[in-house]
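Asker: Attaching a single structure in C-alpha cells format; questions to follow.
Every read-out reported here was derived from the displayed coordinates using simple, explicitly stated rules and does not represent laboratory data. Bear in mind that the values here come from a model prediction, so they are computed numbers and not experimental data. Glycine also receives a Cβ, built like all others from the backbone with ideal geometry; neighbour counts cover every protein chain displayed.
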Amino acid sequence: MTFVRLGPSGAEAPDLAADHGRMADAHAPADGLNLVATAAGRSPSEGLRASPPRPTDGVGSPPRPSSGEPDQRLRATLRHDARAELGEGPVWDPATQELLWVDVFQRRVHRFRPGLADEGPSTAVARDVGIAVPRLGGGLAIAMAGGFVLFEPGKTEPATTIPIEVDQPENRMNDGKVDPAGRFWAGTMAYDATPGAGTLYRLDPDLSVTRMIEGATISNGLGWSPDARTMYYIDTSTSGVDAFDFDLPTGEIANRRRLIDIAPDAGLPDGMTVDCEGGLWVALWGGRAVRRYLSDGTLDRIVEVPCDLVTSCTFGGADLDELFITTASIELTRTAAAGQPWAGGLFSCDPGLAGLPPSPFAG
C-alpha cells in the first residue's frame, strides 16, 4: 500500500489487548466499532497529507513498460465489486478455499469464495490492518497497527498479542507474508511516509520477533523463490524490487541487491507474489497493471487492470492458477473515479501458470 494517511496527533501508544484488541463478526456489535459494512460505506477523512500518485499519461491509458516490450499482455476482469477504500493483502487459504484480503483503513478482513454469488463473511478489527494470514492449526494471524494479533478458530477474542512499535503511534503495520517455513514477516511505515521510519519484522512460530530490515520507508511486497534460496522485497519508496540470499532453516537474509528497477511513469511497486516458475508478479500503484518479471529481472508480461491504484496480487483457486488482484479507490478525484467505477474492486486473470503453494503461519 502506497497511500499515506496521518495518524491521530498525540495519540497514546496502542494497547491491543485493552483497546478493543479483538475482532468481531460483521453482523454483531462490539465495543463501539461500526460493524455494518455496505457497498458504498466510507469512513470520514482523517486528515490527509499526500494524495496517491497519478499516472503521467492520464486516466484510462494503458501502462507503459520501463524497458523493452513484454511477450504477453493480459487483461484482468472484475470478480467482486467490493468498492474497497484501500484493498490490500490478498492471501489464499487452501484449507477453506477462500481468498483473504483486507481494507486497511476501514479495518476489515474479507473472505472471497470463488464460484459463489456473494462474498464470504467480513470481519471488523480494532485497528488499521495490514494483512491477515491463516494459521497452521486454524484461525488467523493479523498484522495491524501496534503489532501482531493471533486468533483461535471461531474466536473473536485474541489469543495472543505481540506488540510492535507501541511507542510509535505514528507508525502502523503494512504488508506482509508467510515464508516457506511458516514464519510471518510484516513491515511498518509511518502514516505520513516519513523516510526511513519503517522496519521489516519476522515473527517466528515460537512468537519471538526479530527486526530484519531497518530504515524502510514503505515496507511492502514480499516473496520467495521456488527453491526458497532467495527472498524478494519491496520498499515502495525505492521504485524497485530487491533480492536477498535466504537461509530457510534459520530465516536469515544476506547480500541485498537490486533486481528490478521500475521507471516512474510505470507506477510504484506495491504488493508482490511469485509463481511456480520463479516469476515475480508486481502490483503497480498508479500504473493500472500487474507486471511479471523473470527471476533475472526481465519484463515478461503485463496484466492490464482498469483502475489506477493496483495494490497487490496472489495466486488462488483449487489449482492455484488464478491471479487475484486487489485495488483501491482512496481519494480518487471525482473525474478519475468516474472513469474507473470498479476502483476498489477485486479482480482476477488467467496468468497461464500456477503459483506456489501458500504457507500458513506455524505459530
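Asker: Rounding to the nearest 20 debye, state how big the charge dipole of the range 52-349 is about its Cα centre with +1 on each Lys and Arg Cβ and -1 on each Asp and Glu Cβ. Each step should come with its number before you reach the end.
Answerer: Details: 27 positive and 42 negative charges, 89 e Å.
Around 420 debye, computed over the range 52-349.
Asker: Something else now. Over the range 52-349, what lengths in whole Å, largest first, do the semi-axes of the equivalent ellipsoid take, defined as the square roots of 5 times the eigenvalues of the alpha-carbon gyration tensor? All intermediate terms of the calculation are to be shown ahead of the outcome.
Answerer: On the way: eigenvalues 138, 100, 74 Å².
Each semi-axis is √(5λ); the values are 26, 22, 19 Å.
Asker: Counting alpha carbon pairs within less than 8 Å and at least 6 residues apart, what relative contact order, in whole percent, applies to the range 52-349? Mind dumping the intermediate values first?
Answerer: Numbers: 820 pairs, mean separation 59.0, N = 298.
Computed value for the range 52-349: 20 percent relative contact order.
Asker: If neighbour count is taken as other Cβ atoms inside 10 Å, put Leu74, Leu86 in order from fewest to most.
Answerer: Details: Leu74 18, Leu86 25.
If I rank by nearby Cβ atoms, fewest first, I get Leu74, Leu86.
Asker: Here's another thing I want to ask about it. What ranking of Arg127, Arg258 emerges when the number of other C-beta atoms within 10 Å of each C-beta is taken as an exposure proxy, fewest first? If you can, show how the numbers build up before the last one.
Answerer: Numbers: Arg127 19, Arg258 11.
Ordered from fewest to most neighbouring Cβ atoms within 10 Å, Arg127, Arg258 come out as Arg258, Arg127.
Asker: Considering only the other residues whose Cβ falls under 11 Å of the Cβ of Tyr201, what net charge follows from Lys and Arg at +1 and Asp and Glu at -1?
Answerer: Cβ neighbours under 11 Å give a net charge of 0.
Asker: Using the count of nearby Cβ atoms within 10 Å as a rough guide to exposure, how do Thr217, Thr96, Thr314, Thr273 rank from fewest to most?
Answerer: Details: Thr217 18, Thr96 13, Thr314 27, Thr273 30.
Least to most surrounded, the residues fall as Thr96, Thr217, Thr314, Thr273.
Asker: Would you work out which of Thr210, Phe112, Thr96 lies farthest towards the positive end of the dipole of the range 52-349? Charges go on Cβ: Lys and Arg +1, Asp and Glu -1.
Answerer: Farthest along the dipole direction, towards plus: Phe112.
Asker: Moving on to the next point. When the expected Rg is taken as 2.2 N^0.38 Å, what fraction or multiple of it is the alpha-carbon Rg of the range 210-363? Mind dumping the intermediate values first?
Answerer: Details: Rg = 15.6 Å, N = 154, 2.2 N^0.38 = 14.9 Å.
After normalising by residue count via 2.2 N^0.38 Å, the value is 1.05.
Asker: Turning to a different aspect of this structure: For the range 72-165, compute the orientation-averaged projected area of the C-alpha convex hull (one quarter of its surface), in nm². Walk me through the numbers on the way to the answer.
Answerer: Details: hull surface 30.2 nm².
Reported value for the Cα convex hull: 7.6 nm².
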